[in-house]
1. What strands (runs of 3 or more DSSP E) lie completely within the stretch 64-173 and have 1 or more residues being over 28 Å from the mean Cα position of the chain (by Cα), surrounded by fewer than 16 Cβ atoms within 10 Å (Cβ to Cβ) and at pLDDT below 85?
2. Which one is nearest to the chain's Cα centre (by Cα) among residues in the stretch 259-284 that are modelled with pLDDT of 75 or more and of a type in the set (Ser, Thr, Tyr)?
3. Pick from 149, 138: which is of a type in the set (Asp, Glu), without any contact (Cβ under 8 Å) to a residue 24 or more places away in the chain and within 25 Å of residue 185 (Cβ to Cβ)?
4. Considering 152, 159, which residue is among the acidic types (Asp, Glu) and farther than 22 Å from residue 195 by Cα?
5. In the stretch 4-27, which residue that is at pLDDT 85 or above and within 21 Å of residue 109 (Cβ to Cβ) is surrounded by the fewest Cβ atoms within 10 Å (Cβ to Cβ)?
6. Taking the stretch 221-240 as the search range and keeping residues that are touching a residue at least 40 places away in the same chain (Cβ under 8 Å) and of a type outside the set (S, T, N, Q), which one is surrounded by the most Cβ atoms within 10 Å (Cβ to Cβ)?
7. Could you check, for the stretch 207-217, whether at least one of its residues is in a helix (DSSP H, G or I) and buried (at least 20 other Cβ atoms within 10 Å of the Cβ)?
8. Evaluate the following for residue 287: is it at pLDDT below 75 and farther than 30 Å from residue 140 by Cβ?
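The values are calculated or read from the model by the stated rules, or taken from the named source; none is laboratory data. Everything numeric here is computed off the predicted structure, so don't read it as measured data. A quick note on method: Cβ atoms are made from the backbone with ideal geometry, for glycine too, and the neighbour counts reach across all protein chains shown.
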Amino acid sequence: MINVFVLQNGRLNQVPIDSRTDLESVDPVWVDLTDPNDDERAWVKAIYGVTLPGEDEVKDIEASARYYEAENGDLHLRTDFLLEEDDGPSRVVTVAFILAKKMLFSVHTDDLPVFRLVRMRARSRPGSIADYMDVLLDLYATDAEYSADALEGIYQNLEEVSGRVLQEEFTDQDAASALNSIAHEEDLNGRIRRNMMDTRRAVSFLMRGRLLNSEQFEEARQILRDIESLDGHTSFLFDKINFLMDATVGFININQNKIIKIFSVASVAFLPPTLIASIYGMNFKGWFPELEWSFGYPFALLLMVISAIAPFWYFRRRGWLK
């Protein structure tokens, strides 16, 4: 799908594109392609002389391939954007940016929330975007905001997990659920940190290349400051995640120790009855007065019951059964 945006009265407006003729009739500032087909790639190459990278080229993570200037002067960038999905784990989508002929071309496989938010804001805030570079910086700034919102969600989810972990009754099923939630938040936090690191590299590349005017340069510095503040939050969340992970594993060990303690107490408690039964089960004909006693069998049973109850009573008094 191809989305084309033009500047009209300081607003970023989308122009519907259904054919090559529609694309030739506009003067865009931003051409956004989501999983483009062969025809759309051919249109862009024929009209603007820009060759869009393939999926394998987009995913190349070598530093030399992510930020470079082509022989014809086009500037190529590869930047990761966070994508949270309701029906699955979060993931990172790599976007290829091409700055050519005072236009921004972006190629990605998924429709990203950051891009939707930039389009919505540009329509409602006249004058916020003046050229293609403003669009790119706005994408990076919105990406930082989106990551900050995701971190707030992690805070809330970890607070909920913390309440479950510290409750009075914490079963193994609760522990399994807590570990699953903690692992999910740790994965998301790690992706946010990686995403912010990649955005920092891209913005730094633009600043070093002296491609920004004074206002854009200051905006880029503000983006870097926002990313720096997010780094502190991700570090704090990693510490909190590690604490909750250790606490959950500790409670699992406590529950397992309780079970082992019960078996240990039971084995000790049933040791005296076993000893008594073994004694009376010996087949010797020597001095064994209980063999001729009519109450010998009930007496042996009663003695075994008493010998089993006595250890339990002693253990309870010492508090070992709690």
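1. 67-69
2. Among those that are modelled with pLDDT of 75 or more and of a type in the set (Ser, Thr, Tyr), it is 264.
3. On the way: 138 fails: within 25 Å of residue 185 (Cβ to Cβ).
Exactly one of 149, 138 is of a type in the set (Asp, Glu), without any contact (Cβ under 8 Å) to a residue 24 or more places away in the chain and within 25 Å of residue 185 (Cβ to Cβ), namely 149.
4. None of the others qualify; the one that does is 159.
5. 4
6. Among those that are touching a residue at least 40 places away in the same chain (Cβ under 8 Å) and of a type outside the set (S, T, N, Q), it is 223.
7. The first filter runs over the stretch 207-217 and keeps only residues in a helix (DSSP H, G or I), leaving 207-208, 214-217.
After this cut, where a residue has to be buried (at least 20 other Cβ atoms within 10 Å of the Cβ) as well, the list is none.
No: the stretch 207-217 contains no residue that is in a helix (DSSP H, G or I) and buried (at least 20 other Cβ atoms within 10 Å of the Cβ).
8. Answer is yes for this residue.
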